Amino acid sequence: MTRLHEYETVVSWTGNRGTGTSGYRDYGRDHDVTAEGPAPIAGSADPTFRGDPARWNPEQLLLAALAQCHMLSYLALCSRHGVVVTGYVDRAHGTMALAGNGGQFTSAVLRPVVRVASAAMVEKATALHHDAHAGCFIASSVNFPVTHEPTVTVDGQEAEPPGRA
């Protein structure tokens with residue numbers, strides 16, 4: 001049986017500089033993203049498209065959603081499999097190709113650096129990234145490859161470069 005979850009957000013344009021969209025260079029790309037509960041997100045376009053670099057852009061938010069979803073799936077799996085994670089940082093990278101009037105993401109690479117409580121957990125901690133990817137709702141919803149280059153370290157030991165875990 002399918003269970004449905006519904007989500008609502010509000011995107012409000014705040015970039016009217018007094019003349020609306022009277023010209024491509026005459027309006028700001030600033031906007032606020034809100035939902036019931038969390039603090040607003042200050043959004044804009046990518047600076048390449050005349051956006052404000054101090055605000056989040058949709059491309060960053062998509063990449064962040066992929067990284068967040070993977071992390072949350074991964075942490076849940078680790079807790080169920082006796083892997084004690086004590087630290088997690090992901091420096092994700094996405095690539096978007098532009099063509100004509102549009103574009104699309106062509107790939108995303110998640111690079112989580114995970115710290116676990118003991119060396120006995122490293123192998124299982126590394127393997128669980130595969131299952132976390134399979135369980136990630138966001139990765140299952142995109143039409144481009146999402147790959148992973150995890151690094152797993154043990155509390156008190158130095159991290160190895162990505163891809164060597």
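The values are calculated or read from the model by the stated rules, or taken from the named source; none is laboratory data. On a predicted model such as this, the values are computed, not experimentally measured, just so you know. Neighbour counts run over all protein chains shown; Cβ positions are idealised from the backbone, glycine included.
Quick look at the numbers
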read-out	value
Residue that is farthest from the chain's Cα centre (by Cα), among those in segment 41-75 that are of a type in the set (D, E, K, R) and not in a helix (DSSP H, G or I)	Arg50
Meets criteria (under 15 Å from His129 (Cα atoms), assigned by TED's automatic domain parsing to the domain that holds Gln104 and buried (at least 19 other Cβ atoms within 10 Å of the Cβ)) for Leu72	no
Failed criterion for Val116 (all others in (1) surrounded by 15 or more Cβ atoms within 10 Å (Cβ to Cβ); (2) without any contact (Cβ under 8 Å) to a residue 60 or more places away in the chain; (3) closer than 30 Å to Ala45 by Cβ hold)	(3)
Residues (touching a Gly at 6+ places or on another chain (Cβ under 9 Å) and buried (at least 16 other Cβ atoms within 10 Å of the Cβ)) located in segment 75-95	Leu77
Matching residues in segment 26-36 - criterion: being within 20 Å of the chain's Cα centre (by Cα) and surrounded by fewer than 14 Cβ atoms within 10 Å (Cβ to Cβ)	Ala35
Residues of segment 100-152 that turn out to be more than 13 Å from the chain's Cα centre (by Cα) and part of a loop (DSSP other than H, G, I, E, B), as a count	9
Any hit, segment 90-98, residues being outside any strand (DSSP E or B) and at positive phi	no
